[in-house]
């Protein structure tokens, strides 16, 4: 017997706790972001009050013990947590949030936590959206019973700003924080067969996800020993004052590609509650779900395991550039076989840097995409802004849509200061959360993010922890000043990310390759 949120269930013993929770008991508030890697934290639950990653926990080890999901925590504490997350913008797409909530509730059993304790606990989790700081702030508010809680943000205003920033409809509220929001892999009708992507390019279909995964011959995730390196040489430009070469970067959205479809129907969106920074726009998972449903004559849920998300998904395009003081120079962008057309990116670059001679070169490697947040454009904006900057100098970027961001990094303690003008803020709480998330991504782009690709162009890093994403303890404090402008609201992600990259690059002394670590 297994006690889940106070209810006893007879369950299979030859399975993981995650497989039983989601597959047998329908506890879709527990999310699957990387199983069985145990590295994203989305499937975290409490076992006798202690946080545990359920995708690597055999059911046999927890029989007779009490399992608590984010949906089953004490109602008073649950309400404090939801209020705190809504007051700080601690949840955006929300896929990671219920696992984080479970972790925080387990942490609270030891007393009111410090910021260091919260950030350390978040080391077991990946939040790609918020940059961790709003989550830390929410935890410190919610888990200190004497702290008064601010008011929750206005739902309509929060949704409007979030949808503008993400480019897809996005909602918030208690359902998102506690995991009741149903993502694509949660929303298929009961009894729907599951198709799990194979490393050979096809799918294995079975009655349950566990059976389909077992039949798929899934390649287990791994970290390689191959160095992350740019695929393009830096162009030779006489008089260049700044040069750069970047590597393949995994977008690393936490919700894996998934879609379900009935025969002859319209497939569910893999975006669900936005997220993915535009990277899922190239995903074939919806078309695959529709094709399989039509072929088999019944509803099908198509899922890409984390390893297939990495193997099949489009990466951020690598580039190399050399720029003179007057903004002239050369830019080369890498493409690969089967990738999207990157020519529109060069057209966008021509608008912001008409003096750059730009070209596209095919190299061995994974697919790259043109729809990732500010792909190529953000790097060029960062390079233009970084010319002549010394450590600590502010970097200012104006994005093509008119959003303006000024970012400075204190060399003494790493604190990041951001001034952002995104027109009408609509919801300052949500805007601030997106700003901090863009800072987190920009810092990671310069300092640590990249994936290893072998000489044949095959990705060798397939685990969450191999992507180089900054953890909560590695992410510095971010101070945001939102300029309350009267102009029309515009998305600020590209401006903030580019200005952060410029400031971080200057702080590091302008090394010619990213990541610098």
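Here is how the numbers come out for the structure above:
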{"read-out": "Shape of segment 143-283, Cα gyration tensor, a/c cut at 1.5", "value": "oblate"}
{"read-out": "Overall form of segment 319-507 per C-alpha gyration tensor (a/c, 1.5; a/b vs b/c)", "value": "prolate"}
{"read-out": "Distance between modelled label sites at residue 65 and residue 10, nm, 7 Å Cα→Cβ extension", "value": "2.4 nm"}
{"read-out": "Sequence of 298, 362, 307 once ranked by neighbouring C-beta atoms within 10 Å, starting from the fewest", "value": "362, 298, 307"}
{"read-out": "Crossing angle, helix 493-507 versus the chain [Cα axis fit, 0-90 degrees, rounded to tens]", "value": "70 degrees"}
{"read-out": "Approximate spin-label separation residue 508-residue 481, in nm, with each point projected 7 Å along Cα-to-Cβ", "value": "2.7 nm"}
{"read-out": "Where labels lie 7 Å past Cα in the beta-carbon direction, separation of residue 343 and residue 284 in nm", "value": "2.3 nm"}
{"read-out": "In degrees, nearest ten, helix 428-447 long axis to first principal axis of the chain (Cα)", "value": "70 degrees"}
{"read-out": "For 514, 505, order by how many other beta-carbon atoms lie within 10 Å, fewest first", "value": "505, 514"}
{"read-out": "FRET efficiency for residue 79 and residue 220, using Cβ-Cβ distance with R0 set to 35 Å, rounded to 0.05", "value": "0.30"}
{"read-out": "Förster-model FRET efficiency, 45 Å R0, residue 294 and residue 401, C-beta, rounded to 0.05", "value": "0.70"}
{"read-out": "Segment residue 362-residue 117, extension gain: residue separation times 0.36 nm, minus the distance between their alpha carbons", "value": "83.6 nm"}
{"read-out": "In degrees, nearest ten, helix 377-386 long axis to first principal axis of the chain (Cα)", "value": "50 degrees"}
{"read-out": "Neighbour-count order for 510, 125, fewest beta carbons within 10 angstrom listed first", "value": "510, 125"}
{"read-out": "Residues in segment 354-396 that a label on residue 460 would reach, taking backbone N under 19 Å of a point 7 Å out along Cα→Cβ", "value": "363-367"}
{"read-out": "Within the chain, helix-based [θ] at 222 nm, where runs of 4 or more DSSP H residues each add -39,500 (n - 2.57), nearest 500", "value": "-8000 deg cm²/dmol"}
{"read-out": "Contour minus Cα-Cα distance for residue 424 and residue 325 (0.36 nm per residue)", "value": "32.2 nm"}
{"read-out": "Using distinct alpha-carbon pairs, which all enter the 1/r mean, Kirkwood radius of segment 394-434 in Å", "value": "11.3 Å"}
{"read-out": "Segment 1-114 - percent relative contact order, Cα under 8 Å, separation 6 or more", "value": "31 percent"}
{"read-out": "FRET E, pair residue 241, residue 109, Förster distance 51 Å, beta-carbon r, rounded to 0.05", "value": "0.40"}
{"read-out": "Cα centroid of segment 496-517 to Cα centroid of segment 74-106, whole Å", "value": "33 Å"}
{"read-out": "Relative contact order (%) - criterion: Cα under 8 Å, at least six apart; region: the chain", "value": "16 percent"}
{"read-out": "Distance between segment 341-362 and segment 282-319 - C-alpha centres, whole angstrom", "value": "29 Å"}
{"read-out": "Whether the chain is rounded, prolate or oblate, judged on the alpha carbon gyration tensor where a/c under 1.5 counts as rounded", "value": "oblate"}
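Every number here is computed from the coordinates shown, using simple stated rules; none is lab data. Given the structure is predicted, the values throughout are model-derived calculations rather than measurements. Cβ: placed from backbone, ideal geometry, glycine included. Neighbour counts: every protein chain shown.
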